[in-house]
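Below is one structure, written out as structure tokens; comments come after it.
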Amino acid sequence: MTDPFATLGVPARFTFAPGDLEQRHRDLSRALHPDRHVHSPPGERRMALERAVSVNDAFRALRDPLSRAQALLALHGLSVQEGDRAPAALLMEVMELREDLDAARAKPARIAALRETVAARVAAEESVVARAFDREGAPDARDLAQARDAVVKLRYFRRFQEEADAMEE
Amino acid sequence: MAYSDKVIEHAENPRNVGTLDKEDPNVGTGLVGAPACGDVMRLQIKVTDGGVIEDAKFKTFGCGSAIASSSLATEWLKGRTLDEAETIKNTDIVAELNLPPVKIHCSVLAEDAIKSAIDDYRKKQASRRAQG
């Protein structure tokens, strides 16, 4: 996969100011828009279109924090793969959360309370990812291992949030 | 994603959903998960002093295939000895449920859950014997 950070022309880090990536995406999309290239030679027009497509892909890969964290791991050749096993402590935590969520069905206040618990856990794991990738210089092996563990947790918390969303629909 | 009739049947009417007392020395608990999909699966067996699985329960949060795989596993486990239970392979589950290649990992997870439940039971028994 190509590096989505390079495609968008932003530094490969986890934390961005709110609206930063959106602004960058808008600016690039505007510059690459076909209307701006009606008088360009066909080759250039085609290149602008191809670049517009990869800019959209890169933005999609980076706007969501979990997917951005995975893109950062991918830059270092790391990913969460089929066949990987989750640590026991996480599985116990997640099983309990999912059972609590199941029991909270049709009780909006309880669902909201569980969501808050999970949001705090997400923030904690995102700060682990940020610690690895926001600082100057390349992350070391320990940073990367911790960031990968954090991404595994974030994937489980994301599934919880999706389930809570589905319940509230 | 097209599910086979058997997967749909198990996912809609899962067998043996529930919990056994994990503190019970005759109960073995397996808790496994696949981070790639965010699935979590708990499978429990209750074993007689003669080494036969008299009850099996599961709880799975995951896709239909993961639920069906663990549901089927509990059905197969009941009445088997531990040694027989250990011979259950993920490929048996794949064949029975007609799982497509992208869902084979669900059956692997179920086999894993069976093995860790048996493991947990044996460890409990061993530490009990050690305590005399």
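The values are calculated or read from the model by the stated rules, or taken from the named source; none is laboratory data. As the structure is a computational prediction, the values presented were derived from the model and not from experiment. In this analysis, Cβ positions are derived from the backbone assuming ideal geometry, glycine residues included, and neighbour counts consider all displayed protein chains. Note: areas computed on protein heavy atoms with side chains; ligands, DNA, RNA excluded. Shrake-Rupley method; radii C 1.70, N 1.55, O 1.52, S 1.80 Å.
Structure summary
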{"read-out": "Meets criteria (acidic (Asp, Glu), loosely packed, with under 14 Cβ neighbours inside 10 Å and within 27 Å of B:Phe61 (Cβ to Cβ)) for A:Asp64", "value": "yes"}
{"read-out": "Condition met for A:Phe160 (surrounded by 14 or more Cβ atoms within 10 Å (Cβ to Cβ), of a type outside the set (S, T, N, Q), in contact with a Lys or Arg (Cβ under 7 Å, 6 or more places away or on another chain) and over 20 Å from A:Thr15 (Cβ atoms))", "value": "yes"}
{"read-out": "Where A:His76 falls short, out of the listed (1) more than 11 Å from every other protein chain (Cβ to nearest Cβ); (2) without any contact (Cβ under 8 Å) to a residue 12 or more places away in the chain; (3) open to solvent by 60 Å² or more (accessible area, probe 1.4 Å)", "value": "(2)"}
{"read-out": "Inter-residue pairs, beta-carbon under 6 Å, first of a type outside the set (D, E, K, R) and in region A:118-131, second part of a helix (DSSP H, G or I) and open to solvent by 30 Å² or more (accessible area, probe 1.4 Å), 6+ apart", "value": "A:Val128/A:Gln146"}
{"read-out": "Within region A:128-169, tally of residues that are of a type outside the set (D, E, K, R), closer than 23 Å to A:Glu93 by Cα and over 18 Å from the mean Cα position of the chain (by Cα)", "value": "3"}
{"read-out": "Residue in region B:77-90 that is in a loop (DSSP other than H, G, I, E, B) and within 14 Å of another protein chain (Cβ to nearest Cβ) present", "value": "no"}
{"read-out": "Filtered residue count, region A:133-169, keeping only those that are of a type in the set (D, E, K, R) and more than 10 Å from chain B (Cβ to nearest Cβ)", "value": "9"}
{"read-out": "Qualifying positions in region A:114-143 - small (Gly, Ala, Ser) and closer than 18 Å to A:Glu162 by Cα", "value": "A:Ala119, A:Ala120, A:Ala123"}
{"read-out": "A:Gln81 being at the interface with chain B (Cβ under 7 Å from one of its Cβ atoms), out of contact with any Phe, Trp or Tyr (no Cβ under 9 Å at 6 or more places or on another chain) and open to solvent by 50 Å² or more (accessible area, probe 1.4 Å)", "value": "yes"}
{"read-out": "Output for region A:2-59, where each listed residue is part of a helix (DSSP H, G or I), open to solvent by 60 Å² or more (accessible area, probe 1.4 Å) and farther than 30 Å from A:Val129 by Cα", "value": "A:Arg30, A:Pro34, A:Asp35, A:Arg36, A:Pro42, A:Glu44, A:Arg45, A:Arg46, A:Met47, A:Leu49, A:Glu50"}
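Matching residues to (1) of a type in the set (D, E, K, R); (2) over 13 Å from the mean Cα position of the chain (by Cα):
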position: A:Phe59; (1), (2): no, no
position: A:Arg68; (1), (2): yes, no
position: A:Gln81; (1), (2): no, yes
position: A:Glu96; (1), (2): yes, yes
position: A:Ala113; (1), (2): no, yes
position: A:Glu125; (1), (2): yes, no
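So that you can scan it fast, the table gives a plain yes or no per residue for (1) touching a residue at least 12 places away in the same chain (Cβ under 8 Å); (2) of a type in the set (Gly, Ala, Ser):
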site	(1), (2)
A:Leu8	yes, no
A:Pro11	no, no
A:Asp20	no, no
A:His25	yes, no
A:Leu28	yes, no
A:Ala31	no, yes
A:Pro34	yes, no
A:Pro42	no, no
A:Leu49	yes, no
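For every residue, the table says whether it meets (1) of a type in the set (Lys, Arg); (2) open to solvent by 30 Å² or more (accessible area, probe 1.4 Å); (3) within 27 Å of A:Ala89 (Cβ to Cβ); (4) without any contact (Cβ under 8 Å) to a residue 24 or more places away in the chain.
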position: B:Lys22; (1), (2), (3), (4): yes, yes, yes, yes
position: B:Val27; (1), (2), (3), (4): no, no, yes, no
position: B:Val32; (1), (2), (3), (4): no, no, yes, no
position: B:Phe58; (1), (2), (3), (4): no, no, yes, no
position: B:Glu84; (1), (2), (3), (4): no, yes, no, yes
position: B:Leu97; (1), (2), (3), (4): no, no, no, no
